[in-house]
2 protein chains.
Amino acid sequence: MDITEFFRQSAGKWFSQRTNHYFALNQSESGKFNIVIEMIPNDDLLLVKLYEQHKIDPAQALRAVRITWDGTMERGDRKDTGSTILVPVADPYNPHEGKLLCETSYAETAPVAGRYVMGGDDALTLITESETLYAEERLWFASPNLRMRTSTLKRLDGFSMASFCSEIRMGGKQPPASSVAATEANS
Amino acid sequence: MDITEFFRQSAGKWFSQRTNHYFALNQSESGKFNIVIEMIPNDDLLLVKLYEQHKIDPAQALRAVRITWDGTMERGDRKDTGSTILVPVADPYNPHEGKLLCETSYAETAPVAGRYVMGGDDALTLITESETLYAEERLWFASPNLRMRTSTLKRLDGFSMASFCSEIRMGGKQPPASSVAATEANS
């Protein structure tokens, strides 16, 4: 599976249970989210702007996705809604790895550039790194309708948290290949 | 890393946060455990009995571990203590896979035979299968002192739950290689 195929399998509506484990406090916290994942046509204006901003050759950019979430974390009954766009940019020398641009709806700062690695076991790893932070997320399908995610966050003084999401496809079915193909034909 | 090395890195005392996600109810539950993992000498009487019971050639059995846990799941403040012994038996045709005998302290039934796969990414997968149940657990080290585990449980009518454990080594240090070597020399 390549990252485009992974995103294609991810497209749809998901019910996600999330749990964060905080290491300093030995505390955990859970939340529930509705998540919508859509593939974005390559000529979407927002993408064109992103390519320019990051000096990316559009021919190297792979299919991007928009992830929209709406849910609540239990502690303090905190609402959490937002969306983010992930744009993979192929590494011309390695078909399984590349750059990953990440533009989040609420961030006022410049988009974050990370990287992705598509494993031989069909798991997708997303890595975001800065001088003070290292975040790694692993995503995989237990079945076409059950997606799993784990992530860890490391700061200068060590790992600070881990999180786990189990995501059930709503309606229990993947969109038919024909509707995905139709969306792609429009891009 | 092979499974013996994985178990060697796992030896020690861990504080584990566990979360179960139940799919039918869309509910989650957390717990906290102290876990002790010890490598067992190959001539331990319990192992010798297990080899006989399963008609295993002791020369094919790799180093076994005993895992002892003591903790509480939050719902109903349920205490959960027990121990289990895992005995990997090498597949002579594939160094990365094999059988896994599992003898649990509280089980009155015969020991369960599953299998293990050691991935190229140093993650260990344990699989237990019967006619009505398929359980798969994936274990890996985010660092020598942070171990992660995810598992899924599938019944005849589909996936019923997923769980996630993040485990911090108590004291924050691996036992020195010399003490492990000393233990091994005794086996």
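Viscosity 0.692 mPa s, temperature 37 °C: give me the Stokes-Einstein translational D for the range B:1-54 in µm²/s, with Rh taken as the Kirkwood radius over C-alpha pairs. Mind showing how you got there, number by number?
Numbers: Rh = 14.4 Å.
Rounded to a whole number, D works out at 229 µm²/s.
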Given a 1.4 Å probe and no ligands, DNA or RNA in the count, how much accessible surface is buried by A and B, both sides, to the nearest 100 Å²?
2100
Complex-versus-alone comparison for the range A:128-147, residues with a loss of 40 Å² or more in accessible area, probe 1.4 Å
A:ARG138, A:LEU146
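Would you mind checking A:LYS13/A:LYS79; B:LYS13/B:LYS99; A:LYS49/A:LYS79; A:LYS154/B:LYS13; A:LYS49/A:LYS99; A:LYS79/B:LYS32 for any pair whose Cα atoms are more than 24 angstrom apart?
Numbers: A:LYS13/A:LYS79 19 Å; B:LYS13/B:LYS99 26 Å; A:LYS49/A:LYS79 30 Å; A:LYS154/B:LYS13 22 Å; A:LYS49/A:LYS99 17 Å; A:LYS79/B:LYS32 26 Å.
Over 24 Å Cα-Cα: B:LYS13/B:LYS99; A:LYS49/A:LYS79; A:LYS79/B:LYS32.
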Taking the Kirkwood radius as the inverse of the mean 1/r across Cα pairs, report the Rg/Rh of the protein assembly as shown.
0.99
homo-copy label distances at A:GLY120 (7 angstrom along Cα-Cβ), nm, one dp, ascending, are 0.2
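When ligands, DNA and RNA are left out and all protein chains stay put, how many square angstrom of accessible area per residue does the protein assembly as shown have with a 1.4 Å probe? Kindly include the intermediate steps, with their values, before the conclusion.
Details: 19100 Å² over 374 residues.
Each residue of the protein assembly as shown exposes 51 Å² on average to a 1.4 Å probe.
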In Å, the Kirkwood hydrodynamic radius of the range B:1-98 over pairs of distinct alpha carbons?
15.5
Under the rule of -39500 (n - 2.57) per DSSP H run of 4 or more residues, summed and divided by the residues of chain B, what mean residue ellipticity at 222 nm is obtained, to the nearest 500 deg cm²/dmol?
-4000 deg cm²/dmol
I need the inter-copy label distances for A:LYS32: point set 7 Å along Cα to C-beta, values in nm with one decimal, smallest first.
2.6
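Give me the mean projected area, in nm² to one decimal, of the convex hull enclosing the Cα positions of chain B. Spell out each step's value before the answer.
Working: hull surface 46.1 nm².
Answer in nm², one decimal: 11.5.
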Leaving out ligands, DNA and RNA, what percent of the accessible area of the protein assembly as shown is carbon and sulfur, probe 1.4 Å?
53
Taking the label point 7 Å from Cα in the Cβ direction, how far apart in nm is A:PRO92 from each other copy of itself, listed shortest first?
5.2
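By average Cβ neighbour count within 10 Å, what is the ranking of A:1-9, A:72-80 from highest down? Please list the in-between numbers first.
On the way: A:1-9: 18.2, A:72-80: 11.7.
Sorting A:1-9, A:72-80 by mean packing, highest first, produces A:1-9, A:72-80.
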Inter-centroid distance (Cα atoms) of the range A:14-52 relative to the range B:88-161, Å
29
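The values are calculated or read from the model by the stated rules, or taken from the named source; none is laboratory data. Every value quoted in this text rests on a predicted model; they were computed, and no experiment measured them. As a convention, Cβ positions derive from the backbone with ideal geometry for all residues, glycine included, and neighbour counts pool all protein chains shown. The accessibility values were calculated without ligands, DNA or RNA, using every heavy atom of the protein model including side chains. Shrake-Rupley method; radii C 1.70, N 1.55, O 1.52, S 1.80 Å.
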